[in-house]
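Novice: My questions all concern the structure below.
The values are calculated or read from the model by the stated rules, or taken from the named source; none is laboratory data. Only a predicted model underlies this, so the values are computations on that prediction, with no experimental measurement involved. Every residue, glycine among them, receives a Cβ derived from its backbone with ideal geometry; neighbour counts consider all protein chains shown. Keep in mind that these areas ignore ligands, DNA and RNA; they rest on the heavy atoms of the full protein, side chains included. Shrake-Rupley method; radii C 1.70, N 1.55, O 1.52, S 1.80 Å.
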Amino acid sequence: MRKIVASLAALIAAVSGFFVISGYKIDGLDQIKLVRQENAAPVDPGGWPDGSPPPPANPGETIRVATFNIQVFGTSKSQKPAVMDILARIVRQFDIVAVQEIRAIDQDILPNFVELINAPGLYYDYGIGPRLGRTVSKEQYAFIFNQATIEVDRQQLYTVNDPEDLLHREPLVGWFRARGPAPEQAFTFSLINIHTDPDETDQELDILDDVFRVVQRDGRGEDDVILLGDLNVDDRHLGQLGQVSGITWTISGVPTNTRGTAQYDNILFDSRATQEFTGRAGVFDFMRQYNLTIDEANEVSDHLPIWAEFSVFEGGRIGQVATRPTDVPR
């Protein structure tokens, strides 16, 4: 296996309180075995940095996990109120969103955005990774999640280390749990947030299969590993990632760009392990949903968010639907 290992990069988000895996030590980088230290904190149900408690759990049988390349999400976009309003309305449709292409030296972009999302009295929070890239144009990954429906282990956010520089932007990995059911019954899952380089998709997709397996064996014993993001290819060109045993993808033959001409984004997991998937997934066409012109939509992003629905119960307790519909979320 190539030298892709879990890094202990210092990923501290100013508002969310996300921290690197400080509650763990590495025991053999070759085997990626993480051993919990005696003083490690338990799963954190959320809350705010000032010590305020998390919101009451919002009971429901499912959660919706999404991925969204917001396209050059930086200072210029943040200064357009109409665009930011649409972006906030989009994120509110989902329980957790993996975001790509945050391009801002100013680290107030995301906390200000989450404040806007929460304006109606909601409880979203976020975790963000480091600025990455081989050029002066650096990008960050983030997870934005609803604390009423998602719990997070704030000590288990890490960037996959890539010592041989095989990936342009190393994925960000986080570990989450659905709120509502008793902890021992709740759906837990790892998310791998990725944005491949459009000029190197063949090489990177043949590395991401290794990344997927490394995260499966990162020491947490988590069988539900979900890789999601902007892959810059359709489901027919997933390379070695698409050949991982048991792997399935939720978007097939459906455009995911705003102009409706190409498929770039997807959500993948091992269908044998992740039986919590309800079979419902799709593309959220915000242009039609919010009655935008193509020019207005492209100001928001050249990508559409995609989503997949999962049971809040570990192993799944609602009827499974073996289809891949493209209906819009709630």
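Novice: Looking at (1) under 16 Å from L227 (Cβ atoms); (2) within 14 Å of the chain's Cα centre (by Cα); (3) open to solvent by 30 Å² or more (accessible area, probe 1.4 Å), which is the only condition R177 fails?
Specialist: (1)
Novice: In the stretch 232-278, which residues are surrounded by fewer than 17 Cβ atoms within 10 Å (Cβ to Cβ) and in contact with a Lys or Arg (Cβ under 7 Å, 6 or more places away or on another chain)?
Specialist: G246, S252
Novice: Scanning the stretch 93-122 for residues that are surrounded by fewer than 16 Cβ atoms within 10 Å (Cβ to Cβ) and either under 15 Å from the mean Cα position of the chain (by Cα) or of a type in the set (D, E, K, R) (or both), which turns out farthest from A148 (Cα to Cα)?
Specialist: Result: D106.
Novice: Within the stretch 298-313, how many residues are surrounded by 21 or more Cβ atoms within 10 Å (Cβ to Cβ) and in a helix (DSSP H, G or I)?
Specialist: 1
Novice: OK, next. Considering only residues that are among the aliphatic types (A, V, I, L, M), modelled with pLDDT of 95 or more and farther than 17 Å from D234 by Cβ, which ones fall in the stretch 180-199?
Specialist: A186, L191, I192
Novice: Additional query: Which ones in the stretch 123-144 are among the aliphatic types (A, V, I, L, M) and more than 19 Å from the chain's Cα centre (by Cα)?
Specialist: Hit for the stretch 123-144 is V136, nothing else.
Novice: Right, here's the next one. Anything in the stretch 56-92 that is assigned to a loop (DSSP other than H, G, I, E, B), under 18 Å from F176 (Cβ atoms) and either among the hydroxyl-bearing types (S, T, Y) or open to solvent by less than 50 Å² (accessible area, probe 1.4 Å) (or both)? List them, or say none.
Specialist: Result: A57, G60.
Novice: Where the second residue is open to solvent by 20 Å² or more (accessible area, probe 1.4 Å) and among the aromatic types (F, W, Y) and the first is under 12 Å from L191 (Cα atoms) and lies in the stretch 152-180, which pairs have Cβ atoms under 6 Å and are six or more apart or on separate chains?
Specialist: Q156/W175
Novice: Within the set of pairs 6 or more residues apart or between chains, which connect a residue that is part of a strand (DSSP E or B) inside the stretch 237-249 to a residue that is surrounded by 14 or more Cβ atoms within 10 Å (Cβ to Cβ) and of a type in the set (D, E) with Cβ atoms less than 7 Å apart?
Specialist: Listed pairs, sorted by first residue: I247/D270; W249/D235.
Novice: Can you tell me which residue among L228, L191 is open to solvent by less than 10 Å² (accessible area, probe 1.4 Å), of a type outside the set (D, E, K, R) and either part of a loop (DSSP other than H, G, I, E, B) or touching a Gly at 6+ places or on another chain (Cβ under 9 Å) (or both)?
Specialist: It is L191.
Novice: From D202, D206, D153, D125, which residue is at pLDDT below 95 and either surrounded by 17 or more Cβ atoms within 10 Å (Cβ to Cβ) or more than 24 Å from E309 (Cα to Cα) (or both)?
Specialist: None of the other options fit; the residue is D153.
Novice: Does D265 satisfy the condition of being under 28 Å from R177 (Cβ atoms) and touching a residue at least 12 places away in the same chain (Cβ under 8 Å)?
Specialist: yes
Novice: Continuing with the same structure: Can you say whether V83 is within 24 Å of G60 (Cβ to Cβ) and not aromatic (F, W, Y), as far as the supplied structure shows?
Specialist: It is false that V83 is within 24 Å of G60 (Cβ to Cβ) and not aromatic (F, W, Y).
Novice: When you scan the stretch 258-283, how many residues do you find that are within 16 Å of E222 (Cβ to Cβ) and not in a loop (DSSP other than H, G, I, E, B)?
Specialist: 4
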